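Novice: What follows is a single structure, and I will ask about it in a moment.
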Amino acid sequence: MSRFPLPSYSPAALAALISGDLWSTWQKEGWVFEIPDLKSSVTYIRNKPESCRLFVNGPVEGTAETAPQGMNIRLFSNLEAAKSFHSKLLSKNLTSSQGDFAPFIDTEAFAVGLPFPGDEEIPQLRRIFEPSRFRRLIEPMLGTITYDHWRLQRSLTRHKLVAYKPGRRAVLRTKVKLRNLQEDLKVRKLMHLKVENRVSISKSRNLALSISHATENCKHIRTPKFLGTSPAMNIFGHEWIEGQHPDLDSSGIGEVIQQIGKALNEFHQIPLEISTHSPPQILAKEIEQTVEDLAEMLPDYRFDFLNLAKQIKSLIPTLNLVPSVLAHGDLHLNQILLTDATPYLLDFDRAGRGYACMDLGSIMEDLSNLGKSESLSKLLFESYQSATPRPISDNEILVGRLVACLRRSFQPFRSLSPTWMSEMEETVRHCESLLKKGGI
C-alpha cells in the first residue's frame with residue numbers, strides 16, 4: 001500500500017490510522033467495528049498541530065432505537081492530553097445504552113475513540129435514538145398530529161445520518177410512520193432534523209425560521225418548510241425535499257443553469273435583516289490566514305501562496321462600495337435541489353448580509369471544478385444579470401471566484417485524496433489563470 005502523504009505537523013499516529021493498520025489493531029481489541037476501507041469511511045477530518053479529529057462512518061445503518069455505526073477519533077500529540085480527554089468523556093457518561101462499543105484510549109498511539117452518537121458537545125444527539133424521548137422531541141414538528149390520536153410506529157421509523165461535524169452539528173434524514181388510534185389511517189413524514197451544540201443552536205434555529213418565512217412567496221426559488229423545534233430547544237426540523245441535484249451532463253442543463261441564476265438573484269433581493277458576513281477588512285485577514293495554513297501544509301509553495309494572497313487582497317477594496325444582499329454564504333451545486341418546478345436552495349447555516357459575488361463566484365467555481373466549460377459559468381452570470389437591479393461587475397465576480405477557490409483548496413485533503421498535494425498546488429495555477437483572464 002502506498003504511503004498517504006501527510007502535513008509535517010500531523011500527530012504521529014495519523015499515518016498508521018490512514019493506512020488502516022491502527023484501525024485493524026483496534027478491531028482485534030474489540031474497540032471498533034469492521035470496515036472494508038478506512039479512507040473511504042472517513043467523512044470528517046480536521047487536522048491541527050495539537051490534535052486531529054476524525055469521524056469514521058460504519059457500514060451498519062440505524063433504526064429507531066439503534067444509532068448508525070460511527071466512531072469519533074481524536075489523535076493527540078502527547079499522552080497527557082489523550083488521558084485528560086478520555087477522563088472527561090468517562091465523567092460525562094456519553095456511552096449510548098444500546099451501543100456495542102465504549103469509549104477507549106490507546107496509550108501508545110495517544111488516541112481516544114468515542115462511539116456515535118456520543119458527543120461531548122452535542123449531548124442531545126443521543127436522545128434521537130431513545131424512542132420514548134424522541135416521541136416527545138418531534139411532536140411539535142408534526143403539525144396537527146398529536147399523540148392523543150396517533151401512535152408512533154417504532155419499527156417503521158428510521159434515521160439516516162447525512163452530515164456530521166463532531167462537536168458542532170449533526171443532520172439526519174428521519175422517516176416517521178404514524179398510525180391513527182381511531183381510524184385505519186397511516187401517515188409518513190420525511191424530516192430533515194438538525195441537532196447542534198448549545199453555542200450555535202439558537203442562532204441556527206432563528207436563521208432557519210426567518211429564511212423559511214421570507215421565501216414563502218418567492219417566484220423563482222423555494223426553501224424547505226420549517227417544521228418546528230423540540231421542547232428542549234436543542235433540535236429543529238425542516239421538511240425533507242425529494243429531488244435531484246443538477247446533472248451537468250443532461251441535455252437541458254443550460255435551462256437549469258438559467259433557472260438557478262434567476263433563483264439566486266431573487267434570493268439576494270429579499271430584504272431580510274440578519275447577521276452580516278465579514279467586511280472587506282476582515283475578509284483580507286481571512287485570506288492571509290488561509291494562505292498561511294496552505295503554506296504550512298505545502299512549505300515549498302509558501303512564496304507562491306503569499307504572492308497569490310497579495311494579488312487577491314489588492315482586489316478586496318472593490319467590495320467597499322458594494323451594497324449587501326441576503327447571501328447564502330456556502331453555496332455549491334449540492335445545496336440546490338431540482339423538483340418538477342422551482343429550484344430549492346438548502347442549508348442556510350452561513351447565510352447573512354453579504355456580497356452577491358461570493359455566492360455567484362462559488363457556483364461558478366463549482367462548475368469549473370467539475371470540469372465544465374466556462375460557457376455554463378457565463379450562462380449563469382448572464383441569467384443573474386438579466387434579473388438584477390444592480391449589475392455585478394467583472395471585478396466583483398473575480399473576487400468571489402478567487403475567494404471560493406481558496407476556501408475549497410483544503411477539500412482534497414479533507415476527502416483524503418491521494419493526490420491532495422498536487423490538487424492544492426493546482427489552486428495556485430487556477431487562481432493565477434483567473435487573475436489573468438478576469439472573473440468572467
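Novice: Take Arg205 and decide whether it is in a helix (DSSP H, G or I), more than 30 Å from Leu6 (Cα to Cα) and basic (Lys, Arg).
Specialist: Taking the combined requirement at face value, the residue satisfies it.
Novice: Looking for whichever is out of contact with any helix residue (DSSP H, G or I) (no Cβ under 6 Å at 6 or more places or on another chain), at pLDDT 90 or above and surrounded by fewer than 16 Cβ atoms within 10 Å (Cβ to Cβ) here; the options are Ile260, Ile282. Which one fits?
Specialist: Of the residues listed, the single one that is out of contact with any helix residue (DSSP H, G or I) (no Cβ under 6 Å at 6 or more places or on another chain), at pLDDT 90 or above and surrounded by fewer than 16 Cβ atoms within 10 Å (Cβ to Cβ) is Ile282.
Novice: Kindly list the number of the only condition in (1) buried (at least 18 other Cβ atoms within 10 Å of the Cβ); (2) within 20 Å of Cys405 (Cβ to Cβ); (3) touching a Ser or Thr at 6+ places or on another chain (Cβ under 8 Å) that fails for Glu374.
Specialist: Evaluating Glu374 over (1) buried (at least 18 other Cβ atoms within 10 Å of the Cβ); (2) within 20 Å of Cys405 (Cβ to Cβ); (3) touching a Ser or Thr at 6+ places or on another chain (Cβ under 8 Å) leaves (1) as the failure.
Novice: Can you pull out the residues in the range 112-149 that are surrounded by fewer than 22 Cβ atoms within 10 Å (Cβ to Cβ), of a type in the set (Val, Ile, Thr) and without any contact (Cβ under 8 Å) to a residue 40 or more places away in the chain?
Specialist: Of everything in the range 112-149, those that are surrounded by fewer than 22 Cβ atoms within 10 Å (Cβ to Cβ), of a type in the set (Val, Ile, Thr) and without any contact (Cβ under 8 Å) to a residue 40 or more places away in the chain turn out to be Thr144, Thr146.
Novice: If you don't mind, there's one more thing I want to ask. Please go through (1) without any contact (Cβ under 8 Å) to a residue 24 or more places away in the chain; (2) exposed (fewer than 12 other Cβ atoms within 10 Å of the Cβ) for Lys225 and return the number of the only condition it doesn't satisfy.
Specialist: So Lys225 meets the others, but not (2).
Novice: Can you pull out the residues in the range 353-372 that are in contact with a helix residue (DSSP H, G or I) (Cβ under 8 Å, 6 or more places away or on another chain) and more than 21 Å from Ser250 (Cβ to Cβ)?
Specialist: Scanning the range 353-372 gives Tyr355, Ala356, Cys357, Met358, Asp359, Leu360, Gly361, Ser362.
Novice: Ok, one more. So in the range 397-440, with the set limited to residues that are closer than 28 Å to Ser40 by Cβ and acidic (Asp, Glu), which one is surrounded by the most Cβ atoms within 10 Å (Cβ to Cβ)?
Specialist: Per the criteria, the residue is Glu425.
Novice: Only one of Gly143, Gly113 is under 27 Å from the mean Cα position of the chain (by Cα) and not hydrophobic (A, V, I, L, M, F, W, C). Can you tell me which? Working first, answer last.
Specialist: Values: Gly143 fails: under 27 Å from the mean Cα position of the chain (by Cα).
When all the criteria are applied, what remains is Gly113.
Novice: For the range 1-41, what are the residues that are over 21 Å from Ser422 (Cα atoms) and among the hydrophobic types (A, V, I, L, M, F, W, C)? Reasoning before the result, please.
Specialist: So in the range 1-41, the residues over 21 Å from Ser422 (Cα atoms) come out as 11-13, 16-17, 20-38, 41.
If the condition is that a residue be over 21 Å from Ser422 (Cα atoms) and among the hydrophobic types (A, V, I, L, M, F, W, C), then Ala12, Ala13, Ala16, Leu17, Leu22, Trp23, Trp26, Trp31, Val32, Phe33, Ile35, Leu38 are the ones that fit.
Novice: In the set Asp359, Asp349, which member is at pLDDT 95 or above and either touching a Ser or Thr at 6+ places or on another chain (Cβ under 6 Å) or within 24 Å of Pro412 (Cβ to Cβ) (or both)?
Specialist: Values: Asp349 fails: at pLDDT 95 or above.
So the residue among Asp359, Asp349 that is at pLDDT 95 or above and either touching a Ser or Thr at 6+ places or on another chain (Cβ under 6 Å) or within 24 Å of Pro412 (Cβ to Cβ) (or both) is Asp359.
Novice: Hey, which of the strands (runs of 3 or more DSSP E) in the range 1-111, taking only ones fully inside, have at least 1 residues that are in contact with a Leu (Cβ under 7 Å, 6 or more places away or on another chain) and buried (at least 16 other Cβ atoms within 10 Å of the Cβ)?
Specialist: 42-47, 51-57, 70-76
Novice: Please determine, by comparing only the residues of the range 160-199 that are modelled with pLDDT of 90 or more, under 27 Å from the mean Cα position of the chain (by Cα) and part of a loop (DSSP other than H, G, I, E, B), which one is surrounded by the most Cβ atoms within 10 Å (Cβ to Cβ).
Specialist: Pro166
Novice: List pairs: first residue in the range 186-198 and on the phi < 0 side of the Ramachandran plot, second residue buried (at least 21 other Cβ atoms within 10 Å of the Cβ) and not in a strand (DSSP E or B) anywhere in the structure, Cβ distance under 6 angstrom, at least six positions apart or on different chains.
Specialist: Val195/Ile122; Val195/Gln124; Val195/Leu125; Asn197/Ile122
Novice: Determine which member of the set Glu108, Glu80, Glu65 is outside the structural domain of Arg198 (by TED's automatic domain parsing), in contact (Cβ under 8 Å) with a residue 60 or more places away in the chain and of a type in the set (D, E, K, R).
Specialist: Answer to the check: Glu65.
Novice: Checking the structure you have, find out if any residue of the range 256-264 is part of a strand (DSSP E or B) and in the same structural domain as Leu319 (by TED's automatic domain parsing).
Specialist: No, the range 256-264 contains no residue that is part of a strand (DSSP E or B) and in the same structural domain as Leu319 (by TED's automatic domain parsing).
Novice: Which residue out of Ser373, Ser324 is at pLDDT 90 or above, small (Gly, Ala, Ser) and not assigned by TED's automatic domain parsing to the domain that holds Glu216?
Specialist: Ser324
Novice: Here's something else I'd like to know. Could you pull out the residue among Phe104, Phe110 that is among the aromatic types (Phe, Trp, Tyr) and under 19 Å from Ala67 (Cβ atoms)?
Specialist: Details: Phe110 fails: under 19 Å from Ala67 (Cβ atoms).
The unique qualifying residue is Phe104.
Novice: Here's another thing I want to ask about it. Considering each residue of the range 386-396, count those that are closer than 16 Å to Val325 by Cα, surrounded by fewer than 21 Cβ atoms within 10 Å (Cβ to Cβ) and either touching a residue at least 40 places away in the same chain (Cβ under 8 Å) or not assigned by TED's automatic domain parsing to the domain that holds Ala263 (or both), and give that number.
Specialist: Of the residues in that region, 5 qualify.
Novice: Output the number of residues of the range 398-440 satisfying the condition of being under 19 Å from Lys310 (Cβ atoms), under 22 Å from the mean Cα position of the chain (by Cα) and in a helix (DSSP H, G or I).
Specialist: 10
Novice: Quick check on Ser212: is it under 23 Å from the mean Cα position of the chain (by Cα), of a type in the set (S, T, N, Q), buried (at least 17 other Cβ atoms within 10 Å of the Cβ) and in a helix (DSSP H, G or I)? Give the derivation first.
Specialist: Working: under 23 Å from the mean Cα position of the chain (by Cα): yes; of a type in the set (S, T, N, Q): yes; buried (at least 17 other Cβ atoms within 10 Å of the Cβ): yes; in a helix (DSSP H, G or I): yes.
Yes, satisfied.
Novice: Something else now. Across the range 300-331, what is the total count of residues that are surrounded by 12 or more Cβ atoms within 10 Å (Cβ to Cβ) and in contact (Cβ under 8 Å) with a residue 40 or more places away in the chain?
Specialist: Of the residues in that region, 18 qualify.
Novice: On the basis of being closer than 17 Å to Gly438 by Cα, assigned by TED's automatic domain parsing to the domain that holds Gly261, surrounded by fewer than 24 Cβ atoms within 10 Å (Cβ to Cβ) and of a type in the set (Ser, Thr, Tyr), does Ser368 make the cut?
Specialist: Judged against the criteria, Ser368 is a match.
The values are calculated or read from the model by the stated rules, or taken from the named source; none is laboratory data. Everything numeric in this text was worked out from a predicted model, so none of it was measured. Note that each Cβ is placed from the backbone with ideal geometry, even for glycine, and that neighbours are counted across all protein chains shown.
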